[in-house]
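> Could you have a look at this structure, given as structure tokens, before my questions?
The values are calculated or read from the model by the stated rules, or taken from the named source; none is laboratory data. The model shown is predicted, which means the values in this text are computed figures rather than measured ones. Heads up, the Cβs are rebuilt from the backbone with ideal geometry, glycines too, and the neighbour counts pull from every protein chain shown. Surface accessibility is based on the protein's heavy atoms, side chains included, excluding ligands, DNA and RNA. Shrake-Rupley method; radii C 1.70, N 1.55, O 1.52, S 1.80 Å.
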Amino acid sequence: MATTLLNPSGLPEIPVYRQMSIASGSKLVFIAGQVAWDAEGTTVGEGDLAAQVEQCYLNIGTALAEAGGSFDDVAKLTVYVVDWTPDKMPLLLEGITRAADKLGTTPVPPATLLGVAALDIPEHLVEIEATAVLD
């Protein structure tokens with residue numbers, strides 16, 4: 001594993017992600033923003049934020065596997081949520097938890113969460129991009 005995740009002392013410890021990652025590997029993997037499409041390009045979980053978050057994470061897991069990695073190699077995530085409000089956090093966390101169960105890992109790299117007005121099509125509620133470092 002080329003990425004070490006940690007919470008530096010003096011910064012808040014937030015259970016759903018780490019504040020910092022230290023990458024020591026030599027292969028950078030940049031995964032384009034993933035939306036809730038299945039392999040055929042059909043939107044999964046229309047109107048269901050948790051289901052769409054889960055599919056985004058699973059898509060990232062698929063891309064990482066193709067590169068020879070896993071969520072253990074992710075150095076940073078950026079999450080874009082349409083019309084974000086803090087009351088949506090439980091749905092976001094539910095989707096992450098469901099994906100983690102299927103992936104067999106807890107995806108907790110540093111992350112930035114941004115509220116946006118819209119994504120590529122109206123059915124998509126969330127888009128997640130990832131940067132990973134592999135040995």
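> Could you tell me whether any residue of the stretch 6-19 is over 24 Å from residue 97 (Cβ atoms) and either open to solvent by less than 60 Å² (accessible area, probe 1.4 Å) or among the basic types (Lys, Arg) (or both)?
yes
> Between 126, 108, which is in contact (Cβ under 8 Å) with a residue 40 or more places away in the chain, within 11 Å of the chain's Cα centre (by Cα), farther than 19 Å from residue 70 by Cα and buried (at least 16 other Cβ atoms within 10 Å of the Cβ)?
Residue meeting the stated conditions: 126.
> Is one or more of the residues making up the stretch 84-98 free of Cβ contacts under 8 Å to residues at least 40 places away in the same chain, of a type in the set (A, V, I, L, M, F, W, C) and open to solvent by less than 30 Å² (accessible area, probe 1.4 Å)?
The answer is no; no qualifying residue exists.
> Moving on to the next point. I'm trying to understand the selection: among the residues of the stretch 65-107, which are closer than 25 Å to residue 133 by Cβ, in a helix (DSSP H, G or I) and either touching a Cys at 6+ places or on another chain (Cβ under 9 Å) or not hydrophobic (A, V, I, L, M, F, W, C) (or both)?
66, 72, 73, 95, 97, 99, 101, 102
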